[in-house]
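Below is one structure, written out as structure tokens; the observations come after it.
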Amino acid sequence: MLDPVRVRVRALADRLRRFERRELDAFVRWIERTGNLLHLSVLVFVPLLIAVVTWLSNVTVAVSFLLFPPLASGTYTLFADPEGRYSTPGKFVGGMTVGALCGWFALELAAVVGLNGGPISASGAALSVFFTGVATWALDLEEPTAFSTALLVLVTGNAKIAYVLGIVVSSAFVAATFALWRDRFYQQRARYLYQTTNADDHVLVPIDDSGTVARFAAELAGAHEAGKVVLFGVAGAVRADDPDPESDTGEAETTAEREADDTVQELESLADDLRAEYDVPCEVVVAEGDRRSSGLVLRTARQNNCDLIVAPYEEGDRGGLSSFIRGLFDSEIDVIAFRSSDDRRRWRRGLVAVRGAGDTARTMVDFALRLTEPGWPTSVATCIDDESRRRSAENTLADLVDAFSGRFETHVVTESVEAYLSRVAPRYDVLFVGSSTDRSAASRFVSPPTFRNLGDLDTDVAIVHRGRRR
């Protein structure tokens, strides 16, 4: 027998590992949001860069402490708004340098014409701002920190050359660090942070009567080198306790075996077609049980290491989801409930309808990029109820699509979601909408999920659910 203390220690260690995984997953989901990522980057990089510049100022006279205020504010501007009008390395370095040179020139000019007066020249300050405004306007270097560097020259005394040189050195160092961070990490954050871009490769498909759902899944899986499709079929189980006393158990077993063989042959034939048409590995799994059991599908997905389930859409009695789909949604595995309006084999144009730039929205954009042809732009749309929200909605869509490589067109529409999608659906081959399972029950009661009102759309609809990580 195992030592009870060792058993308790092992159980505690298992709980701690589960807690660590949950906390890590929660942190990843938090940092996936662009706003949170930028705030964290500001908290990390601005202090570190200022610390490095401070160290440089201690070891060399080329870096003056007077450049810290404009450098700190400029560094914050870069990392807080990496896609903003001022957030380019050239404008950052050029603006700060031009400001310092204009301040130096203004101070020398004021001294030549005898306009200096007082400890700090008022005329020099005015000329510094004037020359900086003219120079940054003419050179398209409208950088707010340029005016700070221009004015701080006035208090450098005889260290003007060291001050200007320090501006060039320190701003170039910050700009190089920012460019490296933005190009190698921020603009590639979909690859490093967004889970679906490196996951949802192994796709389980509970087979329905048509192969359209399987082809949809094969197109998704084929976009990744590690992708594969698992076709899952169910054959009727043999009932040993058949209530008919005259039933022949041997005959029942033979019938069940024949049904299983037929199911395997059908799935193998479909698998061969998918391998040839979509160039994706395809496996076949057949089990005994209830074909409408979500538990059986989820168990099979876990046993075959599948991280995405693509199932045919089913509607419940009152217009909502069937109990089978709801059971799939109540799991840690990503699920797409796919409703086909036509037996398509390829999807050229896709529309993604989003409410924000969260986890589900990013997942839908990733799926749309995988599915649609590269020559066609992926459309991403959001609907607003008031024009005052347009700019915020445009920024949200920009943050959403900026992390992905591909061609996009974004739409912000002052119209109800249902009316807009009904109007534009015929232009697209597939529409991606969220399952709303990430919303509270009260939110879903006040504003029912969009997919409930999309039954008559003349396009394929993919309802995307993000699994609940446990």
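Among L180, L154, the order by Cβ neighbours within 10 angstrom, fewest to most, reads L180, L154. Ordered by the number of other Cβ atoms lying within 10 Å of each residue's own Cβ, fewest first, E259, E23 fall into the sequence E23, E259.
Under 8 Å for C-alpha pairs, at least 6 residues apart: give me the relative contact order for segment 263-340, rounded to a whole percent. Intermediate values should be presented prior to the final figure.
Details: 67 pairs, mean separation 19.8, N = 78.
Once normalised by length, the contact order is 25 percent.
Full extension of the chain between E314 and R299 gives 3.4 nm of extra length, using 0.36 nm per residue less the Cα-Cα distance. Rounded to whole numbers, the Karplus 3J(HN,Hα) couplings from phi for segment 334-341 are 5, 9, 10, 9, 10, 10, 9, 9 Hz, using 6.51 cos²θ - 1.76 cosθ + 1.60 with θ = phi - 60°, and x at Gly and Pro. Using θ = phi - 60° in the Karplus curve 6.51 cos²θ - 1.76 cosθ + 1.60, the 3J(HN,Hα) couplings for segment 216-230 round to 4, 5, 5, 5, 5, 5, x, 6, 10, 4, 8, x, 7, 10, 10 Hz; x is entered for Gly and Pro. Per the Debye formula on identical point scatterers at the alpha carbon atoms of segment 324-427, with no solvent, log10 I(q)/I(0) at q = 0.15, 0.25 Å⁻¹ is -0.71, -1.41. Over segment 336-379, what is the relative contact order in whole percent, taking alpha-carbon pairs under 8 Å and six or more residues apart? Once divided by the residue count of segment 336-379, the mean separation gives 49 percent.
Annotation: amide H of H411 within the under-5 Å range of V380, A381, T382, sequence separation 5 or more or interchain, hydrogens built in the peptide plane. The H on the amide N of E288, modeled in the peptide plane, is under 5 Å from the matching H of A235, each at least 5 residues off or on a different chain. For segment 119-180, the square roots of the Cα gyration tensor eigenvalues, ordered a ≥ b ≥ c, give a/c of at least 1.5 with a/b no greater than b/c, which places it in the oblate category.
Each reported figure results from applying straightforward, stated rules to the coordinates on display, with no laboratory input. Since this is a predicted model, take the numbers as computed values, not measurements. Cβ coordinates were reconstructed from backbone atoms using ideal geometry, including for glycine residues, and neighbour counts include every protein chain displayed.
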